[in-house]
Every structure is written in structure tokens, then in C-alpha cells.
Amino acid sequence: MRKYETMFILKTGLEQEVKEKLMNKFKGIIEADGEIEKIDEWGNRKLAYEIDKNVEGYYVVINFKAATDVPKELDRNFKIADQVMRSIIVNVDEK
């Protein structure tokens with residue numbers, strides 16, 4: 001298993017239930033073939049630049065270990081979820 005870190009930005013104005021549903025969906029994808037080490041919800045923050053006329057977003061960072069196919073599936077789900085404005089997944093080097 002490799003270590004990864006993902007950050008995604010959700011649209012602001014979403015109800016708490018919708019945020020939790022999305023988080024549970026993404027956690028389920030990771031936990032299917034990996035394990036979550038840490039979830040850090042940063043909350044609403046100002047974006048560096050405007051995205052689809054939004055100036056704020058709800059930031060979430062997840063550190064996890066998983067097989068190499070998990071990030072591909074996670075990225076696919078980020079792209080099809082309308083509530084996700086931006087996302088990134090990076091491989092974390094172990095030193």
C-alpha cells in the first residue's frame with residue numbers, strides 16, 4: 001500500500017447532510033481497499049481565484065494508505081460529483 005493525500009473543495013451553501021453523505025461516499029471508496037489515517041476538515045475558506053462564480057469553498061483533506069487503483073476511482077468520483085469544485089490526489093513520499 002502507498003500513502004496518499006487528497007484535498008477536495010466542496011461548494012459552500014451545501015446542507016450538512018449533503019456534506020456528510022459525500023464524505024461517507026469518498027471514505028467508503030478509500031476504505032474498500034485501503035485505510036484512512038487522518039481527515040482534516042478546514043471548513044469554509046476563501047478561494048485563491050473565482051471558480052464558477054464562487055469565491056469560497058469548503059476544504060477537506062484526507063490522508064490515507066491504499067492500493068494503486070483507489071486514487072483512480074476516487075478521482076473519477078470527484079469528477080462526476082457536481083458538488084466538488086476542485087480536487088487533487090498526491091502520492092506522499094515516505095522518508
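Seen against the Cα atoms of the chain and their longest principal axis, helix 70-80 is set at about 20 degrees. Simple rule: put +1 on each Lys or Arg Cβ and -1 on each Asp or Glu Cβ in the chain, find the dipole, and look at Gly34, Gln16, Val84; the Cα lying farthest toward the positive end is Val84. Build a GNM of the chain with springs between Cα atoms under 10 Å apart, and of Asn54, Asn77, Asn44 the one that fluctuates most is Asn54.
Sorting the Cα pairs of the chain by distance into bins of 5 Å, from 0 upward, gives 3, 13, 26, 25, 18, 10, 5, 1, 0 percent per bin.
Between Lys27, Lys72, Lys11, where does the largest GNM mean-square fluctuation fall for the chain, given springs only between Cα atoms within less than 10 Å? Sorting by GNM fluctuation, first place goes to Lys72. Could you give the angle, 0 to 90 degrees to the nearest 10, between helix 16-32's Cα long axis and the longest principal axis of the Cα atoms of the chain? Relative to the chain, helix 16-32 is tipped by roughly 20 degrees. The loop-placed GluC sites (Glu not before Pro) in the chain, going by DSSP, that have at most 15 neighbouring Cβ atoms within 10 Å of their Cβ come out as Glu15, Glu94.
Coordinate-derived values only; no laboratory data. All values reported here derive from a predicted model rather than from experimental measurement. Every residue, glycine among them, receives a Cβ derived from its backbone with ideal geometry; neighbour counts consider all protein chains shown.
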